[in-house]
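Trainee: Quick one: structure below, then a few questions.
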Amino acid sequence: MGSPPRAAHHRELALGETADLEACSRGIAWVRQALTDWGLLAQGQDALLIAAELLSNAVKHAGGIRRLTLTHRDGLLRVAVTDPSPEPPRLRAHRPDSIGGHGAFLVDRLAQRWGTRPNGRGKTVWATLALPR
């Protein structure tokens with residue numbers, strides 16, 4: 001008989017459709033603090049990078065950030081950013097010599113899974129990654 005599932009850690013930060021890079025900085029600091037509080041900062045460095053990319057993409061391409069959520073359960077960490085645009089992010093062909101345009105590529109490489117789902121008049125872009133043990 002297996003052990004019971006661990007209780008999930010979940011945090012949510014409402015940013016109120018903020019469309020500035022300062023909101024990205026606040027979101028990244030918030031993720032860092034949550035990971036520290038959960039004792040996961042060392043294992044969660046990829047989650048910080050994913051959060052930074054999702055947040056900056058929401059500001060640059062989707063009109064702002066509504067909400068940031070972070071959930072940890074059973075060795076998986078999920079980062080999600082809700083924005084006001086219904087348009088899904090585009091995964092472009094990666095060109096190492098280009099300036100910018102690497103956000104979705106990085107998320108695709110670092111995350112175990114990622115995707116989008118409609119959320120009211122906007123969408124939520126989420127990424128899940130397995131934490132190293």
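The values are calculated or read from the model by the stated rules, or taken from the named source; none is laboratory data. If you're wondering where the values come from, they're calculated on a predicted model, not measured in any experiment. Glycine gets a Cβ as well: all are built from the backbone with ideal geometry, and neighbour counts include every protein chain shown.
For (1) over 19 Å from A14 (Cβ atoms); (2) of a type outside the set (K, R), each residue gets a yes or a no:
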residue	(1), (2)
V59	no, yes
R66	no, no
T69	no, yes
R73	yes, no
R78	no, no
V81	no, yes
P89	yes, yes
Q112	yes, yes
L129	yes, yes
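Trainee: Further question on the same structure: Show me the helices (runs of 4 or more DSSP H) entirely contained within region 15-133 in which 3 or more residues are buried (at least 20 other Cβ atoms within 10 Å of the Cβ) and out of contact with any Lys or Arg (no Cβ under 9 Å at 6 or more places or on another chain). Break it down into steps so the answer makes sense when it comes.
Mentor: Working: elements: 21-37, 45-61, 103-110.
The qualifying helices (runs of 4 or more DSSP H) are 21-37, 45-61.
Trainee: Take the residues in region 15-65 that are in contact with a Pro (Cβ under 8 Å, 6 or more places away or on another chain) and closer than 24 Å to R121 by Cβ, then tell me which one is modelled with the lowest pLDDT.
Mentor: Going residue by residue through region 15-65, those that are in contact with a Pro (Cβ under 8 Å, 6 or more places away or on another chain) are 17, 43, 57, 61-64.
Narrowing the set further to residues that are closer than 24 Å to R121 by Cβ leaves 17, 57, 61-64.
Numbers: E17: 67, N57: 91, H61: 87, A62: 89, G63: 88, G64: 89.
Restricting to residues being in contact with a Pro (Cβ under 8 Å, 6 or more places away or on another chain) and closer than 24 Å to R121 by Cβ, the top hit is E17.
Trainee: Ok, one more. Output the qualifying pairs, or none if there are none: Cβ atoms under 7 angstrom, residues six or more apart or on different chains, first residue in region 80-91 and closer than 12 Å to L54 by Cα and modelled with pLDDT under 95, second residue buried (at least 17 other Cβ atoms within 10 Å of the Cβ) and aromatic (F, W, Y).
Mentor: Sorted first by the residue in region 80-91, then by its partner, the list stays empty.
Trainee: Please go through region 64-78 and pick out each residue that is of a type in the set (V, I, T) and either without any contact (Cβ under 8 Å) to a residue 12 or more places away in the chain or within 16 Å of P118 (Cα to Cα) (or both).
Mentor: Once the filter is applied, which keeps residues that are of a type in the set (V, I, T) and either without any contact (Cβ under 8 Å) to a residue 12 or more places away in the chain or within 16 Å of P118 (Cα to Cα) (or both), region 64-78 yields I65, T69.
Trainee: Continuing with the same structure: Report every pair of residues separated by at least 6 positions or lying on different chains whose Cβ atoms are under 7 Å apart, first residue within region 1-14 and at pLDDT below 75, second surrounded by fewer than 12 Cβ atoms within 10 Å (Cβ to Cβ) and assigned to a loop (DSSP other than H, G, I, E, B).
Mentor: P5/D74; R6/D74
Trainee: Under 7 Å by Cβ, and 6 or more places apart or on different chains, what pairs join a residue from region 25-49 that is more than 12 Å from L68 (Cα to Cα) with one that is outside any loop (DSSP other than H, G, I, E, B) and of a type in the set (G, A, S)?
Mentor: L35/A47
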